[in-house]
Every structure is written in structure tokens, then in C-alpha cells.
Amino acid sequence: MRNDLVKFGVIGGSGVYGIHGARVVAEHQIETAFGAPSDKVFELQPDAGNGDRFYFVPRHGIGHRLLPSEINYRANILALKQMGVTHVLSVSAVGILADGIHPGDLVIPDQFFDRTKGVRESTFFGGGVVGHVSFGTPFCPVFSGITAKVAAAQGTVHVGGTYVCMEGPQFSTKAESIFYREQLKATVVGMTGLPEAKLAREAGLHYAMLALATDYDCWNESEGEVSAAAVVAVVRSNVAKANRVILDLAANVSAQPHRAAPPHPCSCASATSHAVMTDPSHISASARERLRGIIS
């Protein structure tokens, strides 16, 4: 990130289909080498003050049309990359697994456990180009830290913990929920964090998550089983918090075109610098075009 411009982007999950407090100044209909994103990329300007413009993609599409497994994660990430976005905030509704977290709380996870079923395209590589990126630290630690500080103004924030990504669209069985909680010692469970974070790393983006705790999954028998109606009710109450965090981050992270980014002490932006294993002489022109912006 040294000497690069900073541009802020948001991928909004369940309940977050627009950003209150910001107006749409442009709508970008983007086609990527991996297809179309979930919806248009909306370019937004905060209503208050002279805040910087930022970019927004509704993960499930306007109207919530796409199942977690139907989302074109590659296109969503690449569309933001093509708009020049450098920092991506994932806003995601999650179920609670760990003690001490309550519906309405905010969580900034720092690890993943993948329980998806392999039906999601999870890499830009393939088709004649082999690449492996480091994913031991799946979230940008610097951007996550900034997000945590900004979110603290909105109420209880839990920093760190493991996000279990399940396939869905069904919620967990009780046996699964207890396993995640007691054996994995996981913190929250959701359906959309992966492969989104993996692709953000391959794209060299600084990726953090603002997880909105909505329910106790189904391990907590005193609360009853989770339902979509209950989730939606809590998500709606959390939208205002999420909006304020997004607008504050837009002011803290984004930059006007003339302003250079400060040194960024993480390796997110250079994740693919040594990732490609394929001999350059064996990479076709079409593959290079497909991966333009991912590999040099």
C-alpha cells in the first residue's frame, strides 16, 4: 500500500442493501472476466460534510435475490478491484456461538473455519495458471484494527475470534452448532465469509469484517431455534449501527484522489507477488488478460 491511493469499498450482507446517510452519485454496471457481480457497483457520497466517495455492492443483490451459494464472489471482488478499491469491509449477519456475545453486538473476527461444500468458486487461479497465496491471517490486521476502533463508538464490540462459514441456506443442526461451539471453540457462524475473503486476498485487497450478531444459532436451548424472522428483526436493528460504522470508516479510510496512503504494515497488497507457480512462458495471453489486476 505504500504510495498507493486508498479507496474504500463495502460489501453489504443481509439487511444492508444501501447505506443510509450517503447518496448514490453513480451506478456502475460492470462485467468482469468472471461474470457480473451481484448487482451494480454503487458509488456513494456521504451526506454530511465533505467525506470521500466510496463504493458499495449488495452481496445478495437488491431485493436479496441470491442464496449464499449463488453469489458470484469472484465478480464482486473483481468489480471493486476494477473500481480502484483497496480496502473492503464485509458487513455480515452471523449467529452467536461464544458466551458473552448477545444479539445486537458487533464482532470483528480474525480467523475462519471453512465448512462450505466445494460448490463455490474460491480462486481466480486455474485455467492454466497455478497460484497459492498465504491465508494464515485471513483478515487484514491493520484494517480490522481500524474497524474495531471505529465500531466501538456504536456499542459492544468483540475483537477477534473464529468465523465458521457453513454452506447453507439451511441453518445449523443442533449437533453442528454444539460442535462448532464446544470442539472448534468458534465465535460466530455465517454463510458468506468464504470464499469472499480468500478472493480478496488473491486480489491484494485489505479485507475486514463487521459481523452483526443476530441470534444464538440453535445451541442455546433457552432461546429456541433460530428463524429467518428473528434474524431479520435483529438485523434491522443493527443496520443503523452498521451504517454509522461505514460512514465513519469512509471518513477514516478513504482518501481524495490527490492524497496518498500512508505506509501500510501488512502484506495484503503484495499477496500474489510470489504466488504464481506456473512458468511465465507457459501463461497464455488470454490467461493474463483474465487475471489482469490479480497478477503482474
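Points to keep in mind about this one:
- Listed by first and then second residue, the pairs linking a residue in the range 241-259 that is more than 19 Å from GLY155 (Cβ to Cβ) and buried (at least 22 other Cβ atoms within 10 Å of the Cβ) to a residue that is at pLDDT 60 or above and of a type in the set (D, E, K, R), with Cβ atoms under 9 Å apart and 6 or more places separating them unless they lie on different chains, are ALA250/ASP52; ALA250/ARG53; VAL253/LYS7; VAL253/ASP52; SER254/LYS7; SER254/ASP52; SER254/ARG53.
- For the range 52-81, the tally of residues that are under 16 Å from HIS20 (Cα atoms), in contact with a strand residue (DSSP E or B) (Cβ under 8 Å, 6 or more places away or on another chain) and aliphatic (A, V, I, L, M) stands at 1.
- Scanning the range 124-156 for residues that are buried (at least 16 other Cβ atoms within 10 Å of the Cβ) and of a type in the set (A, V, I, L, M, F, W, C) yields PHE124, PHE125, VAL129, VAL133, PHE139, CYS140, VAL142, PHE143, ILE146, ALA148, VAL150, ALA151.
- Considering the range 21-65, and only residues there that are over 21 Å from ILE246 (Cβ atoms) and among the aliphatic types (A, V, I, L, M), the residue that is nearest to the chain's Cα centre (by Cα) turns out to be ALA36.
- The range 150-167: number of residues that are without any contact (Cβ under 8 Å) to a residue 40 or more places away in the chain and in a loop (DSSP other than H, G, I, E, B): 0
- Complete set of residues in the range 26-70 that are at pLDDT 95 or above and among the charged types (D, E, K, R): GLU27, GLU31, ASP39, LYS40, GLU43, ARG59, ARG65, GLU70
- Within the range 180-296, helices (runs of 4 or more DSSP H) holding 3 or more residues that are under 16 Å from CYS165 (Cα atoms) and either at pLDDT below 95 or touching an Asp or Glu at 6+ places or on another chain (Cβ under 9 Å) (or both): none
- Of all residues making up the range 117-126, the number that are part of a loop (DSSP other than H, G, I, E, B) and over 20 Å from THR173 (Cβ atoms): 6
- Residue list for the range 127-144, filter: part of a loop (DSSP other than H, G, I, E, B) and polar (S, T, N, Q): SER134, THR137
- Flag if VAL157 is farther than 28 Å from ARG74 by Cβ and in contact with a helix residue (DSSP H, G or I) (Cβ under 7 Å, 6 or more places away or on another chain): yes
The values are calculated or read from the model by the stated rules, or taken from the named source; none is laboratory data. Everything quoted here is computed from the prediction, not taken from an experiment. Because the Cβ atoms are built from the backbone with ideal geometry, glycine has one as well, and the counts that use them run over all protein chains shown.
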